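**Student:** Okay, here's the structure, questions in a sec.
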Amino acid sequence: MKMSSEILRRYADLLDYPGGGAAAEPEVQMSMVAADCPPAAEALAEFARFAAESDRARMEEAYTATFDLRPVCSPYVGYHLCGEGYQRSRFLVKLQEIYRRHGFAVEGELADHFPAVLRFLARVGDEREARELALDGLLPALEKSLAAFEEPSPYGELIRSLQLWLAGSLERAEAQPAVAPQEESVP
């Protein structure tokens with residue numbers, strides 16, 4: 001499926017709690033996404049404008065208002081796919097098993113947190129497993145999260161940008177013909 005690892009990592013940084021991790025640069029991400037998916041870059045431009053006009057406190061306030069005070073917009077794949085309860089717990093256990101199998105560890109957050117899933121997708125070498133997690137897990141969760149936004153929101157635009165880019169990446173990968181291994185010529 002070959003999604004851009006750099007773009008995935010940068011989306012993860014942008015979706016992390018502001019100031020909590022790597023420095024996020026929405027303008028750089030916008031230029032990287034523009035070549036692949038102009039509509040995703042347009043949505044990201046809205047978030048970039050907000051980020052450029054905001055200090056850390058305002059970013060933290062917007063993040064908290066979006067994701068913590070409105071659980072329906074939660075940045076957790078399992079929440080959107082399974083709700084709260086036993087099914088989500090099973091999903092988290094399965095996700096941790098997948099991560100462990102690939103030598104990936106999540107620290108300080110649940111395994112289904114959007115940034116954790118994005119960082120895993122950026123790192124995993126198993127394209128089939130990455131595609132399955134993106135197509136059956138992350139993409140539907142992003143779509144459900146987006147449906148929960150009742151009014152315009154900078155973080156809603158960021159989620160929309162990621163959803164558009166990810167859907168486009170999966171679609172482009174599906175459209176690419178499989179490359180058959182080259183046969184060695186016998187002299």
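Bear in mind these aren't lab numbers, they're just calculated from the coordinates by the rules spelled out. None of these values were measured; they are calculated from a predicted model. We place every Cβ from the backbone using ideal geometry, glycine too, and count neighbours over all the protein chains shown.
**Student:** For Ala57 and Glu132, compute 0.36 nm times the residue count separating them, minus their Cα-Cα distance, and round to one decimal in nm.
**Tutor:** That pair, Ala57 and Glu132, stretches by 23.3 nm at full extension.
**Student:** Which angle from 0 to 90°, rounded to the nearest 10, does the C-alpha axis of helix 154-175 make with the longest principal axis of the chain?
**Tutor:** 10 degrees
**Student:** Running Debye on segment 77-136 with equal point scatterers at the Cα sites and no solvent, what base-10 log of I(q)/I(0) appears at q = 0.18 Å⁻¹?
**Tutor:** Here log10 of I(q) over I(0) equals -0.58.
**Student:** Given H placed on each backbone N at 1.01 Å, which residues far from Tyr76 in sequence or on other chains put an amide H within less than 5 Å of it?
**Tutor:** Residues meeting the amide H criterion: Phe114.
**Student:** Divide, for the chain, the radius of gyration over alpha carbons by 2.2 N^0.38 Å, where N is the residue count.
**Tutor:** Against the compact-globule rule of thumb, the ratio is 1.08.
**Student:** Roughly how tilted is helix 86-101, in degrees to the nearest 10 and between 0 and 90, from the longest Cα axis of the chain?
**Tutor:** Compared with the principal axis, the helix lies near 50 degrees.
**Student:** What is the distance, in nm, between label points placed 7 Å from the Cα along the Cα-to-Cβ direction at Tyr17 and at Glu151?
**Tutor:** With each label point 7 Å from Cα toward Cβ, the separation is 2.5 nm.
**Student:** Another question, then. What nm value, rounded to one decimal, do you get for the distance between Tyr86 and Arg123 when each label is placed 7 Å out toward the C-beta?
**Tutor:** According to this spin-label approximation, the distance is 3.2 nm.
**Student:** Hey, what number do you get for the chain at 222 nm if only DSSP H runs of n ≥ 4 count, each worth -39500 (n - 2.57), divided across all residues, to the nearest 500?
**Tutor:** -19500 deg cm²/dmol
**Student:** Which angle from 0 to 90°, rounded to the nearest 10, does the C-alpha axis of helix 26-36 make with the longest principal axis of the chain?
**Tutor:** 40 degrees
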